[in-house]
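> To start, I am sharing the structure in question, which I have written as structure tokens.
The values are calculated or read from the model by the stated rules, or taken from the named source; none is laboratory data. These figures come from a predicted structure and were not determined experimentally. Heads up, the Cβs are rebuilt from the backbone with ideal geometry, glycines too, and the neighbour counts pull from every protein chain shown.
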Amino acid sequence: MPTQEQVIETLDNIPVPGVMRSLVKMNLVRDIKIANHRVDVILASAALAEEAQKWVKDKVHEALQKSKGVKETNVSFVDGKPKDLNEISHIIAVMSGKGGVGKSLVSGLVAIALKRLGFEVGILDADITGPSIPKMFGITDRPGGSDSGILPVSSRSGVEVMSINLLLPNEDDAVIWRGPLIGKAITQFWEDVLWGKLDYLIVDLPPGTADAPLTVMQTLPITGIIIVFTPQDLTTMVVRKAVKMTQKMGKPILGVVENMSYLYVPEIDKRIELFGRSRGEEMAHAANAPLIGQLPIDPELAKLCDEGNIERYDSDIMARLGESIRQATKDKHD
């Protein structure tokens, strides 16, 4: 007879249709009973259409029948809501008071860096009117699901993504909504999407300090904030508003990231500060948080984002960024 651990290991090899993650990682396994050469498995039906449930049931039967000592198997489903099934260890919001500073870029790089460290990672694109995450990751598939929930779309490396752009008929369709509708969409991405078990959920916020960031901070159990800025005087002044908002909301700032910090010219081995001197230390002091990254203007990175291949980007900065976030969230958890 198999043990409970062996059954779980078997179920961890069965993927959920529409995503790249298993029944265990999507947290759909509700109960396992083993007795008299019989194995009963109870799964949650959240976000699984009837066809998907049948496919999963057949795969579980097939896999368990191969286990030594098993003569009979039974697979059943119980109702479940994504918000009751999701287990997310850390939720990190990426924000800035100003648009065009690279929040989505930083969100994507942070998610990839953490994924490379072996963590289970998702991205909730809360920029409803200006979503860019799917384009950078080259994702065009529509989310699956059922009346009981929505399944996120997996990137090539296994980062789960949910964005309004994945639900639109055309990626360049405009979302012309007022604040309450935007807030409702963000809440649905949090409550109605089956994220499963994640170590990190990265939330890409729109610019400013209005409805959308407020909805995220009031609705989601945020672990911490990453503030993104560029070296210009105007940007740092506006970003300070975002810093003050997070402080008033009582949300910890895990670190600050300076984007477009410099341009490296290899032919002369020189860094050129196109937008003025770095304000990294200044912003870190204002946020009372560490400077966890200074991203250069990198034509190769821009090219990869335009091609939908951001996951191919490789740089020493990525390793430092991932390790900084890992350490910062470890410190907060401890």
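> Is at least one residue of segment 317-329 assigned to a strand (DSSP E or B), under 20 Å from GLY118 (Cβ atoms), in the same structural domain as MET245 (by TED's automatic domain parsing) and in contact (Cβ under 8 Å) with a residue 40 or more places away in the chain?
No: segment 317-329 contains no residue that is assigned to a strand (DSSP E or B), under 20 Å from GLY118 (Cβ atoms), in the same structural domain as MET245 (by TED's automatic domain parsing) and in contact (Cβ under 8 Å) with a residue 40 or more places away in the chain.
This table checks each residue for (1) within 21 Å of PRO221 (Cα to Cα); (2) small (Gly, Ala, Ser); (3) surrounded by 12 or more Cβ atoms within 10 Å (Cβ to Cβ); (4) outside the structural domain of LEU220 (by TED's automatic domain parsing).
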residue	(1), (2), (3), (4)
VAL239	no, no, yes, no
THR246	yes, no, yes, no
LEU254	yes, no, yes, no
MET260	no, no, yes, no
VAL265	no, no, no, no
ARG277	no, no, no, no
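> State whether one or more residues within segment 301-310 are of a type in the set (Lys, Arg) and either within 19 Å of the chain's Cα centre (by Cα) or surrounded by 15 or more Cβ atoms within 10 Å (Cβ to Cβ) (or both).
Scanning segment 301-310, I find no residue that is of a type in the set (Lys, Arg) and either within 19 Å of the chain's Cα centre (by Cα) or surrounded by 15 or more Cβ atoms within 10 Å (Cβ to Cβ) (or both), so the answer is no.
> Taking THR209, is it crowded, with 19+ Cβ neighbours inside 10 Å, outside any loop (DSSP other than H, G, I, E, B) and polar (S, T, N, Q)?
Criteria not met by THR209.
> Mind checking which pairs have a first residue in segment 28-50 that is closer than 10 Å to GLY145 by Cα and a second that is buried (at least 17 other Cβ atoms within 10 Å of the Cβ) and of a type in the set (Val, Ile, Thr), Cβ under 9 Å, 6 or more apart or different chains?
ALA47/VAL16; ALA47/ILE150; ALA47/VAL193; LEU48/VAL16; LEU48/VAL56
> Right, something else. Can you tell me which of (1) in contact (Cβ under 8 Å) with a residue 12 or more places away in the chain; (2) under 22 Å from the mean Cα position of the chain (by Cα) is the one ASP314 doesn't meet?
(1)
> Given the conditions (1) surrounded by fewer than 17 Cβ atoms within 10 Å (Cβ to Cβ); (2) without any contact (Cβ under 8 Å) to a residue 60 or more places away in the chain; (3) not hydrophobic (A, V, I, L, M, F, W, C), and given that LYS83 satisfies all but one, which numbered condition is not satisfied?
With respect to (1) surrounded by fewer than 17 Cβ atoms within 10 Å (Cβ to Cβ); (2) without any contact (Cβ under 8 Å) to a residue 60 or more places away in the chain; (3) not hydrophobic (A, V, I, L, M, F, W, C), LYS83 is out only on (2).
> Still on this structure, I have one more. Does VAL161 satisfy the condition of being of a type outside the set (Phe, Trp, Tyr), without any contact (Cβ under 8 Å) to a residue 40 or more places away in the chain and under 23 Å from ILE222 (Cβ atoms)?
yes
> Still on this structure: For segment 281-295, how many residues are farther than 17 Å from ILE325 by Cα and crowded, with 18+ Cβ neighbours inside 10 Å?
So the answer is 2.
> Something else about it: What are the pairs with Cβ atoms under 7 angstrom where one residue, in segment 100-114, is basic (Lys, Arg) and the other, located anywhere, is crowded, with 24+ Cβ neighbours inside 10 Å? Sequence gap at least six, or different chains.
LYS103/VAL94; LYS103/MET95; LYS103/SER96; LYS103/ASP204; LYS103/LEU205; LYS103/VAL228
> Quick one: in segment 23-70, which of the residues that are outside any strand (DSSP E or B) and basic (Lys, Arg) is nearest to LEU201 (Cα to Cα)?
Here the answer is LYS25.
> If ASP199 satisfies all but one of (1) in a helix (DSSP H, G or I); (2) of a type in the set (Asp, Glu); (3) at pLDDT 90 or above, what's the number of the condition it fails?
Every condition holds for ASP199 apart from (1).
> Sort through THR140, THR129 and tell me the only one that's surrounded by fewer than 17 Cβ atoms within 10 Å (Cβ to Cβ), within 30 Å of GLU307 (Cα to Cα) and touching a Phe, Trp or Tyr at 6+ places or on another chain (Cβ under 9 Å).
The match here is THR129.
> Among SER76, SER96, which is the only one that is surrounded by 12 or more Cβ atoms within 10 Å (Cβ to Cβ) and touching an Asp or Glu at 6+ places or on another chain (Cβ under 9 Å)?
The match here is SER76.
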